[in-house]
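The values are calculated or read from the model by the stated rules, or taken from the named source; none is laboratory data. All values derive from a computational prediction rather than experimental measurement. Positions of Cβ are backbone-derived with ideal geometry, glycine not excepted, and every protein chain shown enters the neighbour counts. Ligands, DNA and RNA are stripped out before the accessible areas are found, and what is left, the full protein with its side chains, is counted by its heavy atoms. Shrake-Rupley method; radii C 1.70, N 1.55, O 1.52, S 1.80 Å.
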Amino acid sequence: MRAFREAPADLVLLDVVAPGFEGFATCKQLRELPAGARAAIVCLTPRSDTATHARAIEAGADECLTKPLPDRELLLTIRSALRFKHLADELASERDRIRAERDAALTEQRLRDETIALVVHDMKNPLAGVISN
């Protein structure tokens, strides 16, 4: 956990069943960290029951694999998790850009409305004089 805080990773391979280690709690704690919310977490377990896999997903894992597993399956899962993370990062970046553009447009609209209100207000007195004559 300390290592992740000091140097956040894009991907965490987490063995959830190890002596003296509570993997599900660690997964949940990782998700609660700012960098952990965006990291891809793949849990590994020797148990193949659906309850263990469901518990890993509920703890915040993106994927749960049963050990032992073929190297190719692990590599494909890692590639998929990293691709998904990359797309999620792009989406978040695009969302931030759109929000910034929206905020700038709203500020511009507010300034335009204030300018129009000021011009209309300033034109009332001279026009009132012209109309009354």
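Residues in region 92-99: is at least one open to solvent by 30 Å² or more (accessible area, probe 1.4 Å) and touching a residue at least 12 places away in the same chain (Cβ under 8 Å)? No: zero hits. Close Cβ contacts (under 9 Å, 6 or more residues apart or on different chains) running from residues in region 1-30 that are without any contact (Cβ under 8 Å) to a residue 40 or more places away in the chain and loosely packed, with under 13 Cβ neighbours inside 10 Å to residues that are assigned to a strand (DSSP E or B) and not aliphatic (A, V, I, L, M) comprise Phe21/Asp15.
Would it be correct to say that Asp10 is touching a Lys or Arg at 6+ places or on another chain (Cβ under 9 Å), farther than 22 Å from His86 by Cβ and not hydroxyl-bearing (Ser, Thr, Tyr)? In short, no.
Pull up region 31-45, narrow it to residues that are open to solvent by less than 70 Å² (accessible area, probe 1.4 Å) and either assigned to a loop (DSSP other than H, G, I, E, B) or free of Cβ contacts under 8 Å to residues at least 12 places away in the same chain (or both), then point me to the one that is nearest to Cys64 (Cα to Cα).
Step one: filter region 31-45 for residues open to solvent by less than 70 Å² (accessible area, probe 1.4 Å), giving 31, 33, 35-37, 39-45.
Remaining after also requiring either assigned to a loop (DSSP other than H, G, I, E, B) or free of Cβ contacts under 8 Å to residues at least 12 places away in the same chain (or both): 33, 35-37, 39.
Values: Leu33: 20, Ala35: 20, Gly36: 17, Ala37: 17, Ala39: 15 Å.
Per the criteria, the residue is Ala39.
A Cβ distance below 9 Å, combined with a sequence gap of six or more or placement on separate chains, defines the contacts here; from region 58-82, residues that are under 16 Å from Leu11 (Cβ atoms) and part of a loop (DSSP other than H, G, I, E, B) reach residues that are open to solvent by 40 Å² or more (accessible area, probe 1.4 Å) and among the acidic types (Asp, Glu) in the pairs Gly60/Glu32.
Look through Glu73, Glu101 and report the one residue that is over 21 Å from Cys27 (Cβ atoms) and out of contact with any helix residue (DSSP H, G or I) (no Cβ under 9 Å at 6 or more places or on another chain). Before the answer, list the steps.
Numbers: Glu73 fails: over 21 Å from Cys27 (Cβ atoms).
Checking each option against the conditions leaves just Glu101.
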